[in-house]
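S.K.: Below you'll find the structure I mean.
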Amino acid sequence: MTQKNDLALKAGQNLKRLLEEKGWSQECAEENISGTLNNGRQIRRWIKNGINSLSTIQYIAGIFEVNVMEFFK
């Protein structure tokens, strides 16, 4: 696996962690995040397959009010 894929997967794992910390279910996140970006299944895909787009990570970080680097810890 390449470093880029590793970082994408790490971002997906951290999205899941942030959801849990905020107390949001994936369904709640789909309403708050995906409703403006993509269809409702996107959250599940990001968690499973990772987030490949930095602009998407920046957008989600803004919703969670966290630094983008939270997605790469």
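S.K.: Between Lys10 and Arg41, what's the calculated FRET efficiency when r is the beta-carbon distance and R0 is 22 Å? Round to 0.05.
M.R.: Step by step, r from the Cβ atoms, then E = 0.55.
S.K.: Can you show me the helix-derived [θ] at 222 nm for the chain, built from DSSP H runs with n ≥ 4 at -39,500 (n - 2.57) apiece and divided by the number of residues, rounded to the nearest 500.
M.R.: My calculation for the chain gives -17500 deg cm²/dmol from helical runs alone.
S.K.: Here's a follow-up. Can you tell me the equivalent ellipsoid semi-axes for the chain? Use √(5λ) from the Cα gyration tensor, largest first, whole Å.
M.R.: After scaling each eigenvalue by five and taking roots: 18, 13, 11 Å.
S.K.: Mind checking which of Leu15, Ile57, Asn5 is farthest towards the positive end of the chain's charge dipole, using Cβ charges of +1 (Lys, Arg) and -1 (Asp, Glu) about the Cα centre?
M.R.: Result: Asn5.
Read-outs throughout are calculated quantities, based only on the coordinates presented, and are distinct from any laboratory measurement. Just so it is clear, the model here is predicted, and its values are computed rather than measured. Don't worry about glycine lacking a Cβ; one is built from the backbone with ideal geometry, like all the others, and counts go over all protein chains shown.
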